[in-house]
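Values in this text are rule-based calculations from the coordinates and carry no lab data. What you see is a predicted model, and the numbers here were worked out from it, not measured in a lab. All Cβ positions, glycine included, derive from the backbone under ideal geometry; neighbour counts span all protein chains shown.
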Amino acid sequence: MSAYDDRDGKIWMDGKLVDWRDANVHLLTHALHYASSVFEGERCYNGKIFKGVEHSERLKKSAQMLDFEIPYSVEEIEAAKYAMLEANGWTDAYVRAVAWRGAGEDMGVSARRNPVRLAIAGWEWGNYYGDAKMKGAKLDIAKWKRPSPETIPVHAKAAGLYMICTMSKHAAESKGCSDALFMDYRGYVAEATGANIFFVKDGEVHTPLADCFLNGITRRTVIDLLKQKGITVHERHIMPEEMEGFEQCWLTGTAAEVTPVGQIGDYTFEVGAMAKDMVETYEKLVRA
Ligand SMILES: Cc1ncc(COP(=O)(O)O)c(C=O)c1O
């Protein structure tokens, strides 16, 4: 595949569809310098975006947490996503909406006079972790920590929160791992660089309390699916040493979907029946 800025197709930008290679911004875009940007990652299956409205609502809320308002309603954002998909002839694709403070009269930290912009692109994306769905992904433990809610708006899906994700993912990849697991500022197990985490012990599920990181839409969906199956789910603070006693593990996220984990640092997990069942149950649900 060619570079992401050099493809055929259409991107929705500020109210209209533009040619892929013309979807550009100026160098003095506020977001490029100060991370005043929020985004969404969504997947369209068989022509329907899974929980699309929830994603659009979260996009607008993320912007509000960063003190800006996206000048489009949820309905308008929904229509834009489908217009982009249709223009590219896709029924199965990843959808990336991004809103940011553009170039304008301000170029300092303050950005009140700059326009808020919105664009929606997409691409065809297979398994985020390659063949890990069968074998289980291998994770490194990140040296960075998810920050306190007093440090940054931790529940926003904001570009600035991904700086340590890229650094941690690079470190993981150079050790032959496909991702990194973060602890939070208190030392509890938090999440991976783009996905939430679940563990299984004695037939029950344990997942970190989402009190300082993104409470993923997939995370909430999987918790509901587990409860529907009568499985007890503990949302709680988890110490890293507890991983020793956990039998199974998986990640959840729009891109990751449900991906079993085989190893985190020195801790190992089996790709067991519950992990496999969640992969399948989630797959069925998104295509229902
Ligand atoms: C840091 C991070 N945590 C969790 C998630 C999972 O969120 P969702 O299931 O809403 O895609 C994502 C992916 O969007 C993410 O980037």
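Just a few scattered comments:
- The overall shape of the stretch 112-156, judged from the alpha-carbon gyration tensor, is oblate: a/c is not under 1.5, and a/b is no greater than b/c.
- Computed over the stretch 74-115, Kirkwood Rh from alpha-carbon pairs, angstrom: 12.6 Å
- Summed over qualifying helices (DSSP H, 4 residues or more, each -39500 (n - 2.57)) and divided by its residue number, the chain shows a 222 nm mean residue ellipticity of -8000 deg cm²/dmol.
- Just so you know, the Cα atoms of the chain work out to an Rg and Dmax of 19.2, 59 Å.
- Euclidean distance between Cα centres, the stretch 163-185 to the stretch 65-88, Å: 31 Å
- Burial order of peptide ranges 275-287, 189-201, 222-234 (average beta-carbon count within 10 Å, highest first): 189-201, 275-287, 222-234
- Charge dipole (the stretch 132-286, unit charges on Cβ, about Cα centre) - positive-most of THR259, HIS155, TYR188: HIS155
- Straight-distance candidates among the aspartates and glutamates for linking to LYS135, with alpha-carbon spacing under 18 Å and chain neighbours fewer than 8 residues away dropped: GLU173, ASP179, GLU247, GLU257, ASP266, GLU270, ASP277, GLU280, GLU283.
- Rounded to the nearest 20, the Cβ-based charge dipole of the stretch 132-286 about its Cα centre (Lys and Arg +1, Asp and Glu -1) stands at 400 debye.
- Assigned charges on the beta-carbon of Lys, Arg, Asp, Glu; the stretch 111-165 dipole about Cα centre (debye): 200 debye
- Listed values for the stretch 101-114 are Karplus-derived 3J(HN,Hα) couplings in whole Hz (6.51 cos²θ - 1.76 cosθ + 1.60, θ = phi - 60°), namely 7, x, 7, x, 6, 9, 9, x, 5, 5, 9, 4, 9, 9, and x replaces Gly and Pro.
- Folded to 0 to 90 degrees: helix 217-228 orientation relative to the chain principal axis, Cα: 40 degrees
- Qualifying trypsin sites (Lys or Arg not before Pro) for the stretch 1-38 [loop in DSSP, other Cβ within 10 Å: at most 16]: ARG7
- The loop-placed trypsin sites (Lys or Arg not before Pro) in the stretch 86-155, going by DSSP, that have at most 15 neighbouring Cβ atoms within 10 Å of their Cβ come out as ARG112, ARG113.
- Entries of LYS175/LYS229; LYS10/LYS143; LYS133/LYS229; LYS138/LYS227; LYS10/LYS157 with Cα pairs more than 32 Å apart: LYS175/LYS229; LYS10/LYS143
- Taking a quarter of the surface of the Cα convex hull of the stretch 125-182 gives a mean projected area of 4.8 nm².
- For the chain, the relative contact order works out to 17 percent when only alpha carbon pairs closer than 8 Å and six or more residues apart are counted.
- Pairwise Cα inverse-distance average, inverted: Kirkwood Rh of the stretch 132-286 (Å): 15.3 Å
- In the stretch 1-96, chymotrypsin sites (Phe, Trp or Tyr not before Pro) in a DSSP loop with at most 13 other beta-carbon atoms within 10 Å: TYR4
- Simple point charges give the picture: +1 on the Cβ of Lys and Arg, -1 on the Cβ of Asp and Glu, and for the chain a dipole about the Cα centre of about 240 debye.
- Gyration tensor verdict on the stretch 1-155 (Cα atoms; rounded if a/c is under 1.5, prolate if a/b is larger than b/c, oblate otherwise): oblate
- Prolate/oblate/rounded label for the stretch 218-258 (Cα gyration tensor, a/c 1.5): oblate
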